[in-house]
Amino acid sequence: MEEPPWRNLQPNIPTPFGSPHKGTPAPPVRLTPVKVLVIGSGAREHALCHSLSHDPDVTALHCAPGNAGIAEVAELHQVDALDGAAVTALATQLGADLVVVGPEAPLVAGVADAVREAGIPVFGPSGQAAQLEGSKAFAKDVMAVAEVPTARSYVCTTLEEVDAALDAFGAPYVVKDDGLAAGKGVVVTDDLDAARAHAAACERVVIEEYLDGPEVSLFAVTDGETVVPLQPAQDFKRALDGDEGPNTGGMGAYSPLPWADPKLVDEVMQTVLQPTVDEMQRRGTPFSGLLYAGLAITSRGVRVIEFNARFGDPETQVVLARLKTPLAGVLMAAATGNLAHLEPLRWSDDAAVTVVVASHNYPGTPRTGDPITGLDEVAAQDAPHAYVLHAGTKRDGDAIVSAGGRVLSVTATGKDLAEARDRAYKAVGRIHLDGSQHRTDIAAKAAGVAGA
Ligand code: AMP
Ligand code: GLY
């Protein structure tokens, strides 16, 4: 087979699509058929594979390590996702034209660097650029230099520094583990002893002022220079209804946000996304892939709560449910430095809601190995408006069993949020997983209805 034209391209060099530099006339990016390898095993990766499996430009879809749901749309492979050499070897063996790295841990470990060095286009930042997520102190430094609005903060390594910072800001206290913690390293509390105890359990913490106001997740695809925002979504981070209970990786999401200012995306592009991407380029560590801005809409304006270096989970499930532009071309344009020539993204007017079904005891150590039933009924009765994206699942003989904390992400679309959430909860109601939990109020307020 003839080599695909982008096979040996690096970001930001002239390509068959034309020069990637801004202002240069060039034809829109066109994609010839591609083989894609997705790395990861969560519902986010299932959502990516779901979209890619419907993309006419994708001729072969592989995922490693994947899960029981992804196995229905992609060929699964075993790989240590944190091992750059192993991922590169798999991509080479499969003849992959594009590798998409889903989770943060492989990105921070430099897996995208290894794949890129082998000349294979990869969607995902370098290990150095992924420090925007990997170290909250690094992200704060980038934001300070780029003048991106965020909470005032102190980086602390001793208890004396911790006490001084907690005293300076007062309650509610916000204490963040500096490193990766799967969404569980942040404690927000009025209890001074709990704030001190969390700080004492971490090597280095960021202590910051409390940000009031609703949260928004805004994703942007970037090739290190051009930035293309996606549609905003809202995530539900707390485990229990009414935003009670501990922080989790995310218990549900919806998009669009009917309550948000229509100018929000433009504003965040100008004040947050483009300045951050420009600053990373200025430092010689360009950020390409998915830049996730976690925002608080405070009474004093938009503030960044955190950056992530990859698609959010579960927000990706609802954002991709609304994206009409075929996904592979978007990811390939970012991976090859061609986003300046991408046609504007097209979006469905439909709303989308996803409800996470989690194992007993999540976000503590989850109980696993329980059979999941009702998936066939959802497929038979609710498709195509509602469908189940798998996270921690695996096949055990004929059964599908739970294999992680967040187990399923039940996703639905509708003409508005009320219809989408009705469909999502109806599908959740057909599923049985012993001891499982889910929130009943996902998107309820935004849809103007009471919890399910
Ligand atoms: P992070 O891991 O930084 O996204 O934090 C997890 C969650 O903690 C966020 O989604 C917020 O709900 C909450 N949080 C983080 N930082 C702040 C802050 N400065 N003020 C209020 N809540 C925060
Ligand atoms: N939904 C939060 C995250 O992906 O970090």
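The values are calculated or read from the model by the stated rules, or taken from the named source; none is laboratory data. All of these numbers come straight from a predicted model, not from anything done at the bench. Here the Cβ is made from the backbone with ideal geometry for all residues, glycine too, and neighbour counts use every protein chain on show.
Can you list the helices (runs of 4 or more DSSP H) lying wholly within the stretch 85-188 that have 3 or more residues being more than 23 Å from ARG303 (Cβ to Cβ) and in contact with a strand residue (DSSP E or B) (Cβ under 6 Å, 6 or more places away or on another chain)?
Counting at least 3 such residues, we get 111-117.
From the residues in the stretch 371-428 that are of a type in the set (D, E, K, R) and assigned to a loop (DSSP other than H, G, I, E, B), which one is farthest from GLY252 (Cα to Cα)? Before you say what the answer is, go through the steps one by one.
Of the residues in the stretch 371-428, the ones of a type in the set (D, E, K, R) are 376-377, 382, 394-396, 398, 406, 415-416, 419, 421-423, 426.
Adding the requirement that they be assigned to a loop (DSSP other than H, G, I, E, B) leaves 382, 398, 415-416.
Details: ASP382: 19, ASP398: 28, LYS415: 19, ASP416: 17 Å.
Ranking the qualifying residues of the stretch 371-428, first place goes to ASP398.
Could you check the stretch 281-309 and list, in sequence order, the residues that are in a loop (DSSP other than H, G, I, E, B) and of a type outside the set (Phe, Trp, Tyr)? Reasoning before the result, please.
Taking the stretch 281-309 first, the residues in a loop (DSSP other than H, G, I, E, B) are 283-288, 299-300, 309.
If the condition is that a residue be in a loop (DSSP other than H, G, I, E, B) and of a type outside the set (Phe, Trp, Tyr), then ARG283, GLY284, THR285, PRO286, SER288, SER299, ARG300, ALA309 are the ones that fit.
Rundown of residues vs (1) within 16 Å of ligand 2 (Cβ to nearest atom); (2) of a type in the set (Phe, Trp, Tyr); (3) touching a Gly at 6+ places or on another chain (Cβ under 9 Å), yes/no style:
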| residue | (1), (2), (3) |
| --- | --- |
| ALA171 | no, no, no |
| LEU180 | yes, no, yes |
| ALA197 | no, no, no |
| ALA200 | no, no, no |
| TYR210 | no, yes, yes |
| THR222 | no, no, yes |
| PRO232 | yes, no, no |
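Could you identify the single residue in THR336, THR354, THR411, THR393 that is farther than 28 Å from ALA443 by Cα and buried (at least 16 other Cβ atoms within 10 Å of the Cβ)?
Working: THR354 fails: farther than 28 Å from ALA443 by Cα; THR411 fails: farther than 28 Å from ALA443 by Cα; THR393 fails: farther than 28 Å from ALA443 by Cα.
THR336 is the lone residue from the list that is farther than 28 Å from ALA443 by Cα and buried (at least 16 other Cβ atoms within 10 Å of the Cβ).
From the residues in the stretch 59-73 that are more than 20 Å from the chain's Cα centre (by Cα) and either buried (at least 23 other Cβ atoms within 10 Å of the Cβ) or not hydrophobic (A, V, I, L, M, F, W, C) (or both), which one is farthest from VAL36 (Cα to Cα)?
By that ranking, first place goes to GLU72.
Determine which single condition PRO246 fails, assuming it passes every other condition in (1) of a type outside the set (S, T, N, Q); (2) modelled with pLDDT under 95; (3) near ligand 2 (Cβ under 10 Å from one of its atoms); (4) in contact with a Pro (Cβ under 7 Å, 6 or more places away or on another chain).
Of everything listed in (1) of a type outside the set (S, T, N, Q); (2) modelled with pLDDT under 95; (3) near ligand 2 (Cβ under 10 Å from one of its atoms); (4) in contact with a Pro (Cβ under 7 Å, 6 or more places away or on another chain), PRO246 misses just condition (3).
Is at least one residue of the stretch 257-280 touching a Gly at 6+ places or on another chain (Cβ under 8 Å), away from ligand 1 (no atom under 16 Å from the Cβ) and not hydroxyl-bearing (Ser, Thr, Tyr)? Steps first, please.
We begin by selecting, within the stretch 257-280, every residue touching a Gly at 6+ places or on another chain (Cβ under 8 Å); these are 277, 280.
Then drop every residue that is not away from ligand 1 (no atom under 16 Å from the Cβ), which leaves 277, 280.
Subsequent filtering for residues that are not hydroxyl-bearing (Ser, Thr, Tyr) retains 277, 280.
The answer is yes; a qualifying residue exists.
Out of (1) over 14 Å from GLY69 (Cβ atoms); (2) assigned to a strand (DSSP E or B), what's the single condition that is false for GLU343?
Here GLU343 meets the rest and fails (2).
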